[in-house]
Amino acid sequence: MKVTVKLIGPFVQAFGFSEKELDVPEGTTADGLIALVSIDKGRPKIVTRNGRAAAPDEALADGDRVVISPIYSGG
Amino acid sequence: MNGWTGQILRVNLTAKTFKKEPFSEEFARKWIGGRGFAAKILYDELKPGIDPLGPDNKFIVALGPIAGIPAPNTGKAVVAGKSPMTGGYGDGNLGTRVAVELRKAGYDALIVEGKAERPTMLYIEDDKVEFLPADAVWGQGTYATNDWIYAKYGKGVGVLNIGQGGENMVRYAVVRSLEGRAGGRTGMGAVMGSKLLKAVVVKGTKPIPQADPAGMKKIGHDDLREVHEIDKKTGWSIQSTNGVLAWCNEVAALPVRNFRKTHHPDAWKVDGERLNNARIATYGCPNCTMRCGITIHDDEGRESELDYENIGLLGPNLEIFDFPQIGSLNYLCDEYGIDTMSAGCVLSFYADAIDHGAVAGDFKFGDADGAKKLLGLIARREGEIGNLLAEGSLRAARKFGHGSEAYAMQVKGLEVAAYNCKFIPGMALAFGVSPIGAHHKESWVITFELKQTSRESYGPEKAKKVIELQRIRGGLFEYMVSCRFPWIEVGWGLENYPKYFKLVTGLDWTLDDFWTVSDRIYSVIKLFWLREYPQTDRKLDYPPAVWFDPANADTEGPIAGMVLEYDKYDGLLQHYYDIRGYDKRGIPTKATLERLGLAEEAKAAEKFGSMT
């Protein structure tokens, strides 16, 4: 299935891309996707799936948009 | 008394007099400085019902025990007075060399009273205070005024000044300091203007008294370096505050079209990546470790310094998705000395009101040239519309009628920051209970709300988090006085602040000791509001009505069909009051006030409204 991954803020420079579409196996979870795109697991982050917060073990679906952002705290 | 200079400088512009007033150690420990000093002084000294733009109001510059000391991001000052926007307590903070120089001159605060006979620049150098004519720059913008001051004194002085917006008493005029930008969006620039006070210039040469100056010097410098290294490692400064724009767009929290929409397909054009690409320079305040100001060229080739709030509110909120155009609107606000955030909301409200037939006009969303022209009219209070929009969106809505007050994006008269809370209950609460009117600086709960709670929840966990953040952001950082960015954006530990406090004052305090001070300050500010609005009720703590309107719900996207609900919001507000120890009107109970050492203030408040 195809999912789009969008990185936010300094993650763009840190992990080398801004947005890309990926072919991932059925049943891939939010956490699994993070591993696939080599995002440092220890780095504090907030993951959303189609604009709503995603749990680490939440299974993704075809066409999902997953956004991975550092934890902003508001200027 | 270590940590504090122990003196406040009181200046009277009417009589052209000044005096140095010592304060007690008890006062220092109870109120610490910055917002604490300002709130207590204004509560004690202002008579209720005074005109915020009249000579009876006071303009205060207040610093705290770590302000100006070399340590991470301590170059900030609080400016305060009765707010022309809200009629309640008003303040703001800004980066400025004044934080360093006023402390070195021997003062922890400056109180300006009365009204000058002619445009005046106040010059303070240690024990000397001069009342100098400023006619040469009256009518000039903040950049020209700053240049005039630097030509006279060099760049080593601290400067606060106003532009045409402050002179003409635009209610959301700010105080500008080109060493660190702007502050006091509650109208502190208008308060200066009402006193014909064009500028305050400060030079100090004395050491700031400290319990352990050698220890503070070493730790301060080590920490300055360390925070800077953490910032470099995490990369926060690459996109600075505007990194959050793309995220807000993804989670339906971006203000678009006067907050009618929560996301837009063109938002990427003004996101953090594009801002970084357009960057020509980076700016920070004195003692800054993580510079947040990114400058670009505007559409007339001028340098304009942008951050998320001014991009969000002068950009997508007006349906403008072009950096040079946004830069130009931002430059004009800075030049005129008017708040970029309120200006963005006032313009978007005006376009919305025209769109909805509440008023006739030809200004439309997306019209950058029209917006530029309107900013000029506002700053000069020119013509009927310039004069009215200079009053802010709430007063303009009351004039327009036709239900337009519902989409004036404000709380207590102060416009909201760039977070669209159509369906973010906790952040809506944060705007609602901010003690100065809607502001993001007090409590920013969105990421907590989305990551650690259900977005649908109106539960006590959100009220509790709002209070926790108020104690830190609206409390600790506003009275120490120091920039919150090292803590909020790169995780610099809160435990560092009691450490700095001990090094400068010798006092060994826990964070819980500080939270008591934060609660005390929030309570005295509440009493200030009660005195001004004796019939106050909890509706003052409600966010804009349009966020509750089902007809305003998104039709697509992550929160399609969803808006805030009145009953549930009221329940969330009650959780907040219960945890804080406030009554049903949102006023601290007698028991709460006594617990916080405010029995005398409670007694004074009895004259103006019943206490429970």
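FYI, it's all coordinate maths here, none of it is from the lab. As the structure is a computational prediction, the values presented were derived from the model and not from experiment. Every residue, glycine among them, receives a Cβ derived from its backbone with ideal geometry; neighbour counts consider all protein chains shown.
In chain B, the DSSP-assigned H stretches of four residues or longer account for a calculated mean residue ellipticity at 222 nm of -12000 deg cm²/dmol, using -39500 (n - 2.57) per stretch and the full residue count as denominator.
Provide Rg over Rh for segment B:251-339; use the alpha carbon set for both Rg and the Kirkwood Rh (inverse mean inverse pair distance).
Values: Rg = 13.0 Å, Rh = 13.4 Å.
In segment B:251-339, Rg relative to Rh is 0.98.
Relative to the globular-protein estimate of 2.2 N^0.38 Å, the Cα radius of gyration of chain A stands at 1.01. In a reduced charge model with +1 at each Lys and Arg Cβ and -1 at each Asp and Glu Cβ, chain B shows a dipole moment near 1300 debye about its Cα centre. Projecting the Cα atoms of B:THR17, B:ASN146, A:PHE11 onto the charge dipole of the protein assembly as shown, computed from C-beta unit charges around the Cα centre, puts B:THR17 farthest toward the positive end. Size descriptors for segment B:475-612: radius of gyration and Dmax over Cα atoms are 19.3, 58 Å. Model label points for A:THR29 and B:GLU226, set 7 angstrom from Cα along the Cα-to-Cβ axis, are 3.5 nm apart.
The aspartates and glutamates whose alpha-carbon is closer than 12 Å to the alpha-carbon of B:LYS20, local same-chain residues fewer than 8 away aside, are B:ASP108, B:ASP126, B:ASP127.
Measuring nothing but alpha carbons in the protein assembly as shown and taking Rh as the Kirkwood radius, the Rg to Rh ratio lands at 0.95. Here the peptides A:61-74, B:89-102, B:466-479 are ranked by packing, the mean other Cβ count within 10 Å, and the order with the highest first is B:89-102, B:466-479, A:61-74. Annotation: lysines with alpha-carbon distance below 16 angstrom to B:LYS499 (same-chain offsets under eight excluded): B:LYS217, B:LYS218.
If R0 equals 41 Å, the separation of the Cβ atoms of B:GLU565 and B:MET1 corresponds to a calculated FRET efficiency of about 0.20. When each of the peptides B:436-446, B:39-49, B:486-496 is scored by how many other beta carbons lie within 10 Å of its residues on average, the order from highest to lowest is B:436-446, B:486-496, B:39-49. In terms of other Cβ atoms within 10 Å, B:LYS218, B:LYS412 run from fewest to most in the order B:LYS218, B:LYS412. For peptide B:247-257, the mean count of partner chain Cβ atoms within 10 Å of a residue's Cβ comes to 3. Averaging Cα coordinates gives a centre for segment B:147-209 and one for segment B:350-410; these two points are 28 Å apart. Could you please state, rounded to a whole Å, how far the C-alpha centre of segment B:254-323 is from the C-alpha centre of segment B:62-137? Spelled out, the Cα-based centre of one part sits 28 Å from the other. Put the Cα centre of segment B:575-590 next to the Cα centre of segment A:20-58 and the gap is 41 Å. In chain B, taking the dipole from charged Cβ atoms about the Cα centre, the farthest positive-side position among B:TYR497, B:PRO324, B:TRP31 is held by B:TRP31. Only lysines eight or more places from B:LYS607 in sequence, or on another chain, were considered; those with a Cα closer than 27 Å are B:LYS30, B:LYS40, B:LYS47, B:LYS58, B:LYS82, B:LYS412, B:LYS526, B:LYS539, B:LYS584, B:LYS590.
Under a model in which nothing but the beta-carbon of Lys, Arg (+1) and Asp, Glu (-1) is charged, chain A shows a dipole of about 320 debye around its Cα centre.
Peptide A:6-18 shows a mean partner chain C-beta count of 6 within 10 Å per residue C-beta. Across peptide B:484-497, the average count of Cβ atoms from other chains found within 10 Å of a residue's Cβ is 2. Taking the dipole about the Cα centre of segment B:164-252, with the C-beta of Lys and Arg at +1 and of Asp and Glu at -1, give me whichever of B:ALA190, B:PRO207, B:SER177 is farthest to the positive side. Highest projection toward the positive end goes to B:ALA190.
The magnitude of the dipole of the protein assembly as shown, with charges of +1 and -1 set on the Cβ of Lys/Arg and Asp/Glu and taken from the Cα centre, is near 1640 debye. Restricting the calculation to alpha carbons of segment B:1-112 gives Rg and Dmax of 13.7, 41 angstrom.
Taking 37 °C and 0.692 mPa s as conditions, segment B:115-225 diffuses translationally at an estimated 217 µm²/s according to Stokes-Einstein applied to its Kirkwood radius (Cα pairs). Computed with the Debye formula from one identical point scatterer per Cα of segment B:215-302, without solvent, the log10 of I(q)/I(0) at q = 0.18, 0.19, 0.24, 0.25 Å⁻¹ comes to -0.88, -0.93, -1.14, -1.18.
In cubic angstrom, how much convex hull volume per residue do the alpha carbon atoms of segment B:188-338 span? Numbers along the way, then the final one.
Working: hull volume 25.6 nm³, N = 151.
Once divided by residue count, the hull of segment B:188-338 is 169 Å³.
Across all Cα atoms of chain B, the radius of gyration (one decimal) and Dmax (whole number) stand at 22.4, 66 Å.
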